[in-house]
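Shown next, in structure tokens, is the structure this report addresses.
The values are calculated or read from the model by the stated rules, or taken from the named source; none is laboratory data. Just so you know, these numbers come straight off a predicted model, no measurement behind them. So basically every Cβ, Gly included, is an ideal-geometry build from the backbone, and we count neighbours across all protein chains shown. Protein only, heavy atoms only, side chains kept; ligands, DNA and RNA dropped before computing areas. Shrake-Rupley method; radii C 1.70, N 1.55, O 1.52, S 1.80 Å.
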Amino acid sequence: MAHYADIFESLADLKMKMREGIDYRILLLDRQSQASIIAPHGGFIEAGTSHLANAVAGQTFNLYDFQGLLKSRPERLHVTSTRFRDNDLTAMLKRSLFAVSIHGMGKTDNWRIWTGGLNEALKPQIDLCLEEAGFWINPDPPLYKGRSKRNVVNLARKKGVQLELPEDLIQVMFKNGFSYGGSRRTAPEPELSPLGRMFVTAVLQGIFLYLAEQSLSSKTKAG
């Protein structure tokens, strides 16, 4: 999450003052899955994160994508994760075993993914799979640690993992890059590059390894 001074006190405040379908759009797909994938700052706010979250969710996992539609100064629609609350999302997360949120952190770092969150079993799996895929990660970042219990990603039953991607890396995860704000958007539906697909695959591998461990643990306890 790039550093912004939020204009709105909460998502409810934003909804009262902005126009749904014109200023913002919400996509929620509750597939009754154990995993919920979240892009709380999607659309133009942290550009590229909507598409990456959608790709990770695929046709399998729950998806919540808050899409900021303002092309000029899209950061105005940023609501920090500890105050990001949507009743439908909260209900879905309470039914979910865990969550993964995808963010863009602007130019805070170059190329390195910062990983955080309170699910201490899922995070190492995703960290390992990202590293094995060749990504450079910081598993203990100086900022954006996602360690607050109030962080939306940690509202799932077993908390979640927060992934912060730098702008340089997001740009090359799409075949023709991904423009940030203004009228410079390259395409309505940018296509993932091979690197973007590698990222999605690595995150999914970490998720499936975690789910396999959870299943094995449950069977062991039951036996």
Residue count, the range 42-59 (criterion: surrounded by fewer than 19 Cβ atoms within 10 Å (Cβ to Cβ) and touching a helix residue (DSSP H, G or I) at 6+ places or on another chain (Cβ under 9 Å)): 1
What residue, among those in the range 1-26 that are in contact with a Gly (Cβ under 8 Å, 6 or more places away or on another chain) and in a strand (DSSP E or B), is least open to solvent (accessible area, probe 1.4 Å)? Tyr24
So Ser193 ticks every box in (1) among the hydroxyl-bearing types (Ser, Thr, Tyr); (2) open to solvent by 40 Å² or more (accessible area, probe 1.4 Å); (3) modelled with pLDDT of 95 or more but one. Which box is left unticked? (2)
On the basis of being surrounded by 19 or more Cβ atoms within 10 Å (Cβ to Cβ) and either over 16 Å from His41 (Cβ atoms) or without any contact (Cβ under 8 Å) to a residue 40 or more places away in the chain (or both), does Lys145 make the cut? no
Consider only pairs whose beta carbons are under 6 Å apart and that are at least six residues apart or on different chains; among these, list those whose first residue lies in the range 150-175 and is touching a residue at least 40 places away in the same chain (Cβ under 8 Å) and whose second residue is among the acidic types (Asp, Glu). Pro166/Asp109
Quick check: anything in the range 5-18 in contact with a strand residue (DSSP E or B) (Cβ under 9 Å, 6 or more places away or on another chain), modelled with pLDDT of 95 or more and under 22 Å from Arg147 (Cα atoms)? yes
Here is a list of conditions, (1) under 30 Å from Arg112 (Cβ atoms); (2) small (Gly, Ala, Ser); (3) open to solvent by 20 Å² or more (accessible area, probe 1.4 Å), and Ala39 meets all of them except one; can you say which number that is? (3)
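Matching residues to (1) open to solvent by less than 40 Å² (accessible area, probe 1.4 Å); (2) under 18 Å from Leu204 (Cβ atoms); (3) hydrophobic (A, V, I, L, M, F, W, C):
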| site | (1), (2), (3) |
| --- | --- |
| Leu93 | yes, no, yes |
| Gln125 | yes, yes, no |
| Leu128 | no, yes, yes |
| Trp136 | no, no, yes |
| Val152 | yes, no, yes |
All but one of (1) open to solvent by less than 30 Å² (accessible area, probe 1.4 Å); (2) touching a residue at least 40 places away in the same chain (Cβ under 8 Å); (3) hydroxyl-bearing (Ser, Thr, Tyr); (4) in a helix (DSSP H, G or I) hold for Ser33; state the number of the condition that does not hold. (4)
Selection from the range 97-114 of residues that are crowded, with 23+ Cβ neighbours inside 10 Å and either within 10 Å of Ala39 (Cα to Cα) or among the small types (Gly, Ala, Ser) (or both): Ala99, Val100, Ser101, Ile102, His103, Gly104
Test of understanding: among Ala53, Ala47, Ala39, which residue is part of a loop (DSSP other than H, G, I, E, B) and among the hydrophobic types (A, V, I, L, M, F, W, C)? Ala47
